[in-house]
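Please read the structure below before turning to the comments.
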Amino acid sequence: MPGETEFSHRTRAAALAAMADQPVDLLIVGGGITGAGIARDAALRGLRVAVVDKGDVGGGTSSRSSRLIHGGLRYLEQREFHLVFEACRERRLLLRAAPHLVRPLAFLFPAYRGQRVPAWQLRAGMWLYDLLAAFRNVHPHRWLSAAQVRGLEPTLRDKNLLGGGRYYDAQTDDARLTLAIMRSAAQARALVASYAAVEAFDKADGRIGGAVVRDLLSGTARTVHARVVVNATGPWVDRVRRLDEPGAPPLLRPTKGAHLFVPRARLGHTNAITLFSPLDGRVMFVLPWGGFSYVGTTDTDTEAPPEEIRASGEDVTYLLRSANAIFPQARLTPKDVLSTWAGLRPLLAPAGGGGVSASQVSREHRIVESASGLVTIAGGKLTTYRVMGRQVVELAAKRLYAASGLRVAPAPPTDTLPLPGGETADLEGLVKAAQARGVNEATARHLVLSYGSESAAILNLAEKNRVLAGPIIRGRPEIRAEVVHAVEREMALHLSDVLMRRLPLFYEDPARASNAAAHVAHKMAELLGWDGAREEEEIGGYLDEVRQSQLFIKEVGRQAAVAE
């Protein structure tokens, strides 16, 4: 296999060959955060692990979330105390394991006369939130008077303001967090291959013993033999289960969560804002992201396939109207929307079917095993991926022992082991070290908050080749060396992998990212051996994504103008 720090098209090719050459203990279908957490836990125990995903690492729901690592203050309403307790603990652990990717964020939850949950109940909920965090959050909450709330966030709606609670959760780059977990699994010798789809399960005597995996880049199909197969495909779990049992009843009640990006100056907020939407009373957020804000999320039932999930005109209208109601001077319109994203939450179908609104569906998870031995994990949330991973591996360990007498090592210390780049919490020290090597503060801060201690490796590339020290887009902090790093150390295989998930350009600066697409694709072509036709295909595919996104936003604006 290639070097331990490498995670590239070469390691992918070697992984596909190796998993087909010799049986693995555990084959994980799904390269989102749940699959990555399972792979990391299992590989650290010494199991021979393979992970395949038909798309990019974290290319589904795991890169289309609200980008929060949080206890779930709103789940207290559903009395999911165990989930909140568990999530608060995991939030604390992630703040230590990946301080560059999971960062504390101050939230303000204003209370208004007449809102769905009265101020006294909100205040009691914040005390309970601190209690379930064992009073070990970044800071305990504070209840503020109306005047104090106005002082912190003067652009908030003033009418009927009673006060508000200031509390802490954490924010993350969900795509990069998923990637870091998967890279950690690969460093523990897990075999990882993106763009590799499971087409069928390999069965003998009614038991699953592996899967037929097709390399979507080369078209080659291989059979991967495995002692245990895990279905961790998020919103696709029911589809994968039906490869095993065509008539399997659904486990999921998927709901769509949509978000939109706008310039932060239009809203003028400093803190993250939690609010009850004045339209329907749902809890939602207005969250800071550098010079931008994103507003989310919706929570609506849908039967659309995961591949077709996009923010709709109704979603955008709902989010804009909710934000304008709480920030009345913003007067946001669809013309202010830079980009949107939407993900499909793989939530568990409630027992007994209907009667529960989309917002009330539990975020708990469940592990089920089919008659043929397929292990499926469904439900859960981004924050609790590590718990889900451990539980799946412990079940697999029992199956391995029962089938072959294989004794699996006890749980590894995933609660204390840092993720790649998270070896130091001194982020300011890393920023100063990067500046000392000749980059400006904005670039230094961007590199450290994206790569942590691994930012030094990117600066090494830039020092060896000064062309790579230049910006991808003039005036922005991203540099060309990051494209090389994405291909050689982060298994970026398509242009969209770089511009949509490794870097934030598709969402933050879609117009100028389109202009830079040809330069990025040319560099990727050098590294990946693309010919001219493939290079043009990658550029065309990416620009089509941008075009569809922008046409959608224009259409929403047109519909809104007609409605007025």
LEU131 passes all but one of the listed conditions (1) without any contact (Cβ under 8 Å) to a residue 40 or more places away in the chain; (2) closer than 30 Å to ASP158 by Cα; the exception is number (2)
Reported set for the range 16-46 where residues are in a helix (DSSP H, G or I) and within 24 Å of the chain's Cα centre (by Cα) is ILE33, THR34, GLY35, ALA36, GLY37, ILE38, ALA39, ARG40, ASP41, ALA42, ALA43, LEU44
Picking from GLY55, GLY46, the residue that is more than 17 Å from LEU347 (Cα to Cα) and in contact with a Gly (Cβ under 9 Å, 6 or more places away or on another chain) would be GLY55
All conditions in (1) closer than 23 Å to VAL237 by Cβ; (2) of a type outside the set (Gly, Ala, Ser); (3) surrounded by 24 or more Cβ atoms within 10 Å (Cβ to Cβ); (4) touching a His at 6+ places or on another chain (Cβ under 8 Å) are true of ASP202 except (3)
ILE208 vs (1) out of contact with any Leu (no Cβ under 6 Å at 6 or more places or on another chain); (2) in a strand (DSSP E or B): all pass except (1)
Counting only residues that are under 18 Å from LEU179 (Cβ atoms) and not in a loop (DSSP other than H, G, I, E, B), the range 52-92 contains a total of 6
Those residues of the range 132-147 which are aliphatic (A, V, I, L, M) and assigned to a loop (DSSP other than H, G, I, E, B) amount to ALA133, ALA134, VAL138
Pairs returned, first residue in the range 140-168 that is closer than 16 Å to GLN329 by Cα, second residue that is polar (S, T, N, Q), beta-carbon separation under 6 angstrom, 6 or more apart or interchain, are THR155/GLN329
Filter the range 91-127 for residues that are among the aliphatic types (A, V, I, L, M) and farther than 30 Å from SER184 by Cβ; the one that is surrounded by the most Cβ atoms within 10 Å (Cβ to Cβ) is ALA111
Only one of ALA521, ALA486, ALA525 is outside the structural domain of ILE309 (by TED's automatic domain parsing), surrounded by fewer than 22 Cβ atoms within 10 Å (Cβ to Cβ) and either at positive phi or free of Cβ contacts under 8 Å to residues at least 60 places away in the same chain (or both), namely ALA525
Among helices (runs of 4 or more DSSP H) entirely within the range 396-466, at least 1 residues that are outside the structural domain of ARG207 (by TED's automatic domain parsing), free of Cβ contacts under 8 Å to residues at least 40 places away in the same chain and touching a Lys or Arg at 6+ places or on another chain (Cβ under 7 Å) occur in 427-436, 455-464
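Every residue, every condition in (1) touching a strand residue (DSSP E or B) at 6+ places or on another chain (Cβ under 9 Å); (2) small (Gly, Ala, Ser); (3) free of Cβ contacts under 8 Å to residues at least 12 places away in the same chain; (4) under 19 Å from GLU153 (Cβ atoms), yes or no:
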residue: PRO246; (1), (2), (3), (4): no, no, yes, no
residue: GLY257; (1), (2), (3), (4): yes, yes, no, no
residue: LEU260; (1), (2), (3), (4): yes, no, no, no
residue: PRO263; (1), (2), (3), (4): yes, no, no, yes
residue: THR270; (1), (2), (3), (4): yes, no, no, yes
residue: TYR294; (1), (2), (3), (4): yes, no, no, yes
residue: GLU307; (1), (2), (3), (4): no, no, yes, no
residue: SER312; (1), (2), (3), (4): yes, yes, no, no
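The values are calculated or read from the model by the stated rules, or taken from the named source; none is laboratory data. Since the model is a prediction, treat every value here as computed from it, not as a measurement. Quick reminder, even Gly has a Cβ in these numbers, built from the backbone with ideal geometry, and neighbours come from all protein chains shown.
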